[in-house]
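Please read the structure below before turning to the comments.
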Amino acid sequence: MKERKQVEQIPGQVQKVEQRRQDMPCVAAFIDLCREAYGADLVDQQMATAQQARREHAEILAQQGEAAALRWHEANASRCTFFANEGGRTLGLPLPTTTKA
């Protein structure tokens with residue numbers, strides 16, 4: 001497998017990424033395979049979009065409550081470009097589930 005391309009990161013972020021890779025080894029392996037198959041730029045962009053959506057969703061949930069967060073999540077479903085959960089850690093935001101018939 002090719003060595004991972006190191007992207008420019010802010011100080012302290014490298015340790016966070018490496019810790020996440022240790023905490024989520026299966027997800028890290030899957031992401032490495034996706035980077036190899038589709039290109040690191042595409043995969044990294046999709047993950048960044050999903051992480052930003054997760055942060056915004058959490059902020060709306062904290063500030064405006066569950067109903068507003070649900071509306072935001074449904075309106076921004078296209079930004080749910082990556083989601084993984086392993087060992088109690090979460091990366092990205094899942095697609096919203098709706099109760100609409």
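The values are calculated or read from the model by the stated rules, or taken from the named source; none is laboratory data. This structure is a prediction, so every number in the text was calculated from the model and none was measured. We place every Cβ from the backbone using ideal geometry, glycine too, and count neighbours over all the protein chains shown. Heavy atoms of the whole protein, side chains included, go into the accessibility calculation; ligands, DNA and RNA do not. Shrake-Rupley method; radii C 1.70, N 1.55, O 1.52, S 1.80 Å.
A few remarks follow.
- When the inverse distances between all different Cα atoms of segment 15-101 are averaged and flipped, the Kirkwood radius reads 13.9 angstrom.
- Sorted peptide list for 80-86, 25-31, criterion being average Cβ within 10 angstrom, highest first: 80-86, 25-31
- In nm, spacing of pseudo-spin labels at GLU66 and GLU86 (7 Å Cα→C-beta vector): 3.1 nm
- Accessible area of segment 62-101 belonging to carbon and sulfur atoms, whole % at 1.4 Å probe: 51 percent
- Kirkwood hydrodynamic radius of segment 41-85, from inverse mean 1/r over distinct Cα pairs, in Å: 10.8 Å
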